[in-house]
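Report on the structure given below.
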Amino acid sequence: MYPGASNTELCPTRFFTGDALYADDRGLSDDERAWRRTEYWQPYHDALAGELGRLRAEHGFVLLWDGHSIRSEIPWLFEGVLPDLNIGTGGGASADPRITEAVAAVAAACPEATHAVNGRFKGGYITRHYGRPAEHVHAVQLEMTQKLYMQEAPPYAYLPERAARIQPVLREMVGAALQAARALYGR
C-alpha cells in the first residue's frame with residue numbers, strides 16, 4: 001500500500017507489536033488466504049459496493065467515511081509518534097479538495113489534537129478503491145490515535161473523559177465533510 005514502508009496485510013501475520021501472530025511464524029497457506037478472501041473480504045466489499053451504488057442513486061452523491069483507530073506509536077510500521085487525527089484522501093484523489101479542506105479545518109481548530117492530511121496514512125484500500133469524485137463518490141479515511149479515547153497499553157481501558165473531549169470534534173469533522181459534499185451538489 002505504501003511503497004518503501006512497512007505495511008499490514010489482508011490476512012495479518014503479526015500483531016501491531018510486530019510479534020508473530022502464528023506459532024513458529026508459520027502464517028497461512030495460500031489456500032487459507034484465498035478461502036478467507038472469498039468468505040469474509042469479498043462479501044463485505046460486495047455489500048459495500050452495493051450500498052454505495054444505492055446511496056448514489058438515491059442522493060446523487062455519496063460521502064464514504066472510513067474510520068480507523070491505531071496506537072500512536074508502532075515502531076515496526078513507522079518511526080516516531082503519529083499525529084492524532086490522520087486524514088487521508090489518497091493524496092487528494094478520493095475526495096473533492098473542498099471536502100478535504102473542510103475536514104482539515106475542523107481538525108486544525110482542535111487544540112487537544114494534532115493532525116495531518118495525506119501524511120503517513122493517505123487512505124487504504126477502501127478509500128482508494130471506492131473514492132471516485134468524478135463519479136460522485138467521495139471517500140475520506142480518518143486514522144485516529146487511540147490515546148484520544150483510551151489507554152494504549154494494558155489494560156487498554158476506555159477513558160470516557162478523554163472520549164467526551166474528542167467526540168464533538170469527530171461529529172464536526174463528519175458534519176463538515178457532509179456539508180461540503182452537499183454544497184458541491186447544490187443540496
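Values quoted throughout were computed directly from the atomic coordinates according to the rules given, and no laboratory measurement underlies them. Bear in mind the structure is a predicted one, so any value in this text is a computation, not a measurement. Glycine gets a Cβ as well: all are built from the backbone with ideal geometry, and neighbour counts include every protein chain shown.
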Surrounding charge for residue 102, neighbours by C-beta under 13 angstrom, Lys/Arg +1, Asp/Glu -1, total -1
Rounded to the nearest 500, what is the chain's calculated 222 nm mean residue ellipticity when only DSSP H runs of at least 4 contribute -39500 (n - 2.57) each, over all residues? -11500 deg cm²/dmol
A student applying the Cα gyration tensor rule (rounded when a/c is under 1.5; otherwise prolate if a/b is larger than b/c, oblate if not) would label the chain oblate
7 Å from Cα along Cα→Cβ at both residue 187 and residue 101: what's the point-to-point distance in nm? 2.2 nm
Taking a label point 7 Å from the Cα of residue 179 along Cα-to-Cβ, the residues of the range 70-101 whose backbone nitrogen sits under 16 Å from it are 98-101
Distance (nanometres) between label positions extended 7 Å along Cα→Cβ at residue 109 and residue 81: 2.5 nm
Between the alpha-carbon centers of the range 128-187 and the range 59-118, tell me the distance in whole angstrom. 8 Å
Computed label-point distance, nm, for sites residue 41 and residue 158 using a 7 Å Cα→Cβ extension: 3.0 nm
